[in-house]
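First up is the structure itself, then whatever we jot down about it.
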Amino acid sequence: MMDNMEEDEEEHSLVTASEGDDEAMDMNHTVEAAILSGIEQKLEILTRRRKSERISRFCSAATRGEIEKLERYIRVDVAIINDSDMNGRTALHCAASEAQVGAVSFLLEARANVNVQDNYKNTPLNDAVRGKHDAVASLLKKFGARSLSRPGFEMGVCMCESAYEGDKDQIQRLLRNN
């Protein structure tokens, strides 16, 4: 009878040890999952930061009309052409607002979205018209830019401001671009 009790105790201790191993393994998996999750989060943050920096450099090159840099950036990362910064502005917005006709032309020929809107509903055409850059506005329209995207009351405000300032050219520009 003693032998049977000893055998039972031995079996019980084996089961308990096995259960302990399972718990330790589960705990190790949980720790590993938490570590991987933390690494994945940091990697995601780093990836977003790098993308943001690439977009910033691309938009800066467009603002300055640096076509060679734009070409290089597109060769390295084709998807960047229509990527936007945290305000929703693309390189085309930047080039149009700074009257960079060469950069605008290059971006349009590289298939930049001519009617893209930023977070404030402005298109590159809006930026060109607001900046009184008629050559850029004509080029954008040639590539299919639709009419200005400002809501009616905002367009009315622009018209009134131009009238108040006696800026007939701007009124005509606004009318010409719908």
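Only one of 114, 136 is surrounded by 21 or more Cβ atoms within 10 Å (Cβ to Cβ), at pLDDT 95 or above, more than 23 Å from the chain's Cα centre (by Cα) and not hydroxyl-bearing (Ser, Thr, Tyr); which? It would help to see each step written out before you state the result.
Values: 114 fails: more than 23 Å from the chain's Cα centre (by Cα).
Only one candidate qualifies: 136.
Answer yes if at least one residue in the stretch 170-177 is closer than 23 Å to residue 60 by Cα and modelled with pLDDT of 75 or more, and no otherwise.
No, that holds for no residue.
Report, by residue number, each residue of the stretch 71-90 that is open to solvent by less than 20 Å² (accessible area, probe 1.4 Å) and either more than 17 Å from the chain's Cα centre (by Cα) or closer than 17 Å to residue 137 by Cβ (or both).
Within the stretch 71-90, just 90 meets the criteria.
So the check is Cβ under 7 Å with 6+ separation or different chains; which pairs have a first residue in the stretch 140-158 that's under 21 Å from residue 92 (Cα atoms) and a second one that's at pLDDT below 75 and among the aliphatic types (A, V, I, L, M)?
148/155
Name every residue in the stretch 145-161 that is among the small types (Gly, Ala, Ser) and open to solvent by less than 40 Å² (accessible area, probe 1.4 Å), in order of residue number.
145, 149, 156
Within the stretch 117-133, can you find the residues that are surrounded by 16 or more Cβ atoms within 10 Å (Cβ to Cβ) and over 23 Å from the mean Cα position of the chain (by Cα)?
129, 130, 133
The values are calculated or read from the model by the stated rules, or taken from the named source; none is laboratory data. What you see is a predicted model; the values in this text were computed from it and never measured. Don't worry about glycine lacking a Cβ; one is built from the backbone with ideal geometry, like all the others, and counts go over all protein chains shown. Remember, those area values only see protein heavy atoms, side chains included, never the ligands or the DNA or RNA. Shrake-Rupley method; radii C 1.70, N 1.55, O 1.52, S 1.80 Å.
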